[in-house]
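The structure under discussion appears below in the form of structure tokens.
The values are calculated or read from the model by the stated rules, or taken from the named source; none is laboratory data. For clarity, every value in this text was computed on a predicted model and none was experimentally measured. Note that each Cβ is placed from the backbone with ideal geometry, even for glycine, and that neighbours are counted across all protein chains shown. Only protein heavy atoms, including side chains, enter the accessible area calculation; ligands, DNA and RNA are left aside. Shrake-Rupley method; radii C 1.70, N 1.55, O 1.52, S 1.80 Å.
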Amino acid sequence: MMLTQIEERIGSKNRLVQLNESIRWYRFRKLLKGLHKNSENSKGGPKAYDELKMFKAIILGQWHSLSEEALEEALRVRLDFAVFTGFELAEDVPDETTLNRFRNKLIEKGVLEKLLQELNKELERGGVKVKNAVGAIIDASIVESAARPQKEIEAMAVDREEKVYETSDELQMSKDPDAKWLKKGKHCYYGYKVFCRIDSADGFIESINVLPANASEVTNLNPLLEGLLSWIRVYGDKGYASEENRETLRGMKLKNGIMYKAQRNKPLTHWQKIFNRGVSKIRYKVEQAFGILKRQFKFGRASYITLAKVKGQFYLKCICYTLLKAARKGLALAIN
């Protein structure tokens, strides 16, 4: 069955059909070029799979939280997957090992950040995303490791406290060498702290970072500020509250939107309470983003181990989130 016939069968209202037709996917090719050594010259061996088709297949795998084995099967039997990726014939579908290797190549080559940026540019071009928002919202959340530790440790970092406890690999007793313990409220988590920055206008994710779970938010503001234009207001919760961070914002000509935190024998002033309430009314957008990432895209627990692979998965989940948000907003990009 030809792809045009498949499109007619599943209908133009299908979300994947709309996303496939509305975004200039060919613009992503330049970022994917060179992932396969034999993509242009097979040198006598079998020619590599088309990088763009493979990238779109990986997106679908993360969207539906599929293993590579399940993704291979879905690419063979689902018509909307065939339309979106371009793998028209079942015999053309890559096997699970090839899909796994390609995902790892995306991570190793460091192109996922650029791919997310390119997607945001596409949405700005189509008017779905505001190009120069007046505000940026930052936040962090815990993602548990794919490898479960065999025991908890007595000395561990407490969320939003400065003290960080280092633990040896022997004490952690886990296959994940980069994950760390964190106590948050009454619960203990073993994994990573994922940071993101979204625009205050539309809630699209613009920048991310991933660190072990025991990393402090207050000391990890700077990576999220890269690329921001001057005079944008940066909104953050009390986890980022410090005079040093406010001075950093001033030095970068960014407006302060970080909530104030009461200290011992120094309660918040009336003005600071009003300021905090104002920030809270804006920050809900980043909490919604984390909610969608964890509930719909099942990113409460990572699928892979090591910081590099968890960060790579976070980028892929953010791409899925961006596509979903664009579709929900009524994607209406010009077709070129």
From the helices alone, meaning DSSP H stretches of at least four residues, give me the mean residue ellipticity at 222 nm for the chain, per-run term -39500 (n - 2.57), in deg cm²/dmol to the nearest 500. -12500 deg cm²/dmol
Report the residues of the range 259-286 in range of a label on Ile292: point 7 Å along Cα→C-beta, backbone N strictly under 14 Å from it. 284-286
Work out from phi, with θ = phi - 60° and the Karplus expression 6.51 cos²θ - 1.76 cosθ + 1.60, the ³J(HN,Hα) of each residue of the range 204-210, listed in order in whole Hz, and give x for Gly and Pro. 7, 6, 10, 8, 9, 7, 9
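Hydropathy at least -1.0 by Kyte-Doolittle, axial extent at least 30 angstrom from the Cα trace: which helices of the chain, defined as entire DSSP H runs, fit?
The qualifying helices are 270-295, 307-328.
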Lys131 accessible area, 1.4 Å probe, all protein chains in place, Å² to nearest 10: 140 Å²
What are the ³J(HN,Hα) couplings of the range 136-148, residue after residue, when phi is run through the Karplus curve with 6.51, -1.76, 1.60 and θ = phi - 60°? Round to Hz, x for glycine and proline. 9, 10, 10, 6, 9, 8, 9, 10, 6, 5, 5, 9, 7
Answer rounded, prolate or oblate for the range 75-116, using the Cα gyration tensor with square roots of eigenvalues a ≥ b ≥ c: rounded when a/c is under 1.5, else prolate when a/b is larger than b/c, else oblate. oblate
Among Ile58, Ala74, Gln296, which residue has its Cα positioned farthest towards the positive end of the charge dipole of the chain, with +1 placed on the Cβ of Lys and Arg, -1 on the Cβ of Asp and Glu, and the dipole taken about the Cα centre? Gln296
Electrostatic dipole magnitude of the chain [Cβ: Lys, Arg +1; Asp, Glu -1; Cα centre; debye, to 20]: 1280 debye
If amide H atoms are built 1.01 Å from N in the plane of the peptide, which residues on other chains or at least 5 residues away come under 5 Å of the amide H of Tyr235? Ala136, Ile137, Ile138
